[in-house]
Amino acid sequence: MSDKPQPAGANAAPSTTDNSVLQILQPHLADLGDFMVRRALPSGLQRKVGPWIFFDHAGPAQFAPGTGVDVRPHPHINLATVTYMFEGQFLHRDSIGSVQVIKPGDINLMVAGKGIVHSERTPPDLRRAGHTLHALQLWLALPEADEEMEPAFYHYPAAQLPATAISGVQLRVLMGSAFGLRSPVKTFAQTLYIEALLQKGQRLPVPRAEERAVYLAKGSLRIDGTPVDEFSMAILGAADDITLEATTDCRVALIGGEKLSARFMEWNFVSSR
């Protein structure tokens, strides 16, 4: 997905004073033409979380038969895009010859490196039938030594991504290692990305990472007593024993990893210099 990143967080909640939740960000809406997305990162209050520099939540959006998404060819440099579908499909094409449909539960990892062009469209069969689109697309900053690497594309079907249950909480480790599981998705720095489904009253400990955040794609929860509402992103502190407690059924994305150096961002271009 592509649109000029605007600073989010104009409606951010004040910073908290505990060591669990440092800030709660309210994403702004970005118009991509065919649909709207909620953009949590970058924010005027929080530029990145670990290596993550961009966080878009698309949908859920309904498309009538004969309509669909047409994110036309556009370039990227010095970053990697990570696309994860809840519902719907995208047909990815890029300038290194990759052609791949991403389906619910899959991950597409596109490494821009020194430069790549790609498009994302609704596949023809889905377009004819009508469909729901619901997805997350995040961008990773590449470590400085990897920024100008050769572009690459990787696809990981849903069956390859490890899943488990922790105290009844269903979760998938999308990138990195947590809860005794390791994702096969390629990383360039220490990276954490987890999807978790909590039922009301369930609790989940947050894995450790140098920097961490929790995004509520659905529902609401408390983080060590601090309420976090739907479509909000909580920036977490350094406490060792942070716990999520669902106040409704909810779907969350946990992100984090090692802190990288500052990045400049203009449109779809990212660089350390």
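Condition check for residue 64 on (1) among the hydrophobic types (A, V, I, L, M, F, W, C); (2) closer than 27 Å to residue 141 by Cβ; (3) more than 20 Å from the chain's Cα centre (by Cα): one failure, at (2).
Taken as a whole, the condition of being in contact with a helix residue (DSSP H, G or I) (Cβ under 6 Å, 6 or more places away or on another chain), crowded, with 21+ Cβ neighbours inside 10 Å and not polar (S, T, N, Q) applies to residue 68. Scan region 153-166 and give yes if some residue there is in a strand (DSSP E or B), among the β-branched types (Val, Ile, Thr) and under 19 Å from the mean Cα position of the chain (by Cα), otherwise no. Within region 153-166 (the criterion being in a strand (DSSP E or B), among the β-branched types (Val, Ile, Thr) and under 19 Å from the mean Cα position of the chain (by Cα)), the answer is no, since none of the residues qualifies.
In region 165-186, the residues that are over 24 Å from residue 79 (Cα atoms) and among the aromatic types (Phe, Trp, Tyr) form Cβ pairs under 9 Å with partners that are crowded, with 19+ Cβ neighbours inside 10 Å and at pLDDT 95 or above, at six or more places apart or across chains, as follows: 179/171; 179/173; 179/194. Look through region 104-126, keep the residues that are out of contact with any His (no Cβ under 8 Å at 6 or more places or on another chain) and surrounded by 15 or more Cβ atoms within 10 Å (Cβ to Cβ), and return whichever of them is nearest to residue 158 (Cα to Cα). Looking at the filtered set, the residue picked out is 105. Once region 192-232 is narrowed to residues that are hydroxyl-bearing (Ser, Thr, Tyr) and closer than 19 Å to residue 57 by Cα, the residue that is surrounded by the most Cβ atoms within 10 Å (Cβ to Cβ) is 193. Of all residues in region 226-273, those satisfying the criterion of being more than 20 Å from the chain's Cα centre (by Cα), without any contact (Cβ under 8 Å) to a residue 40 or more places away in the chain and outside any strand (DSSP E or B) are 240, 241, 273.
The values are calculated or read from the model by the stated rules, or taken from the named source; none is laboratory data. Only a predicted model underlies this, so the values are computations on that prediction, with no experimental measurement involved. With ideal geometry, Cβ positions are generated from the backbone for all residues, glycine too; neighbour counts draw on all protein chains shown.
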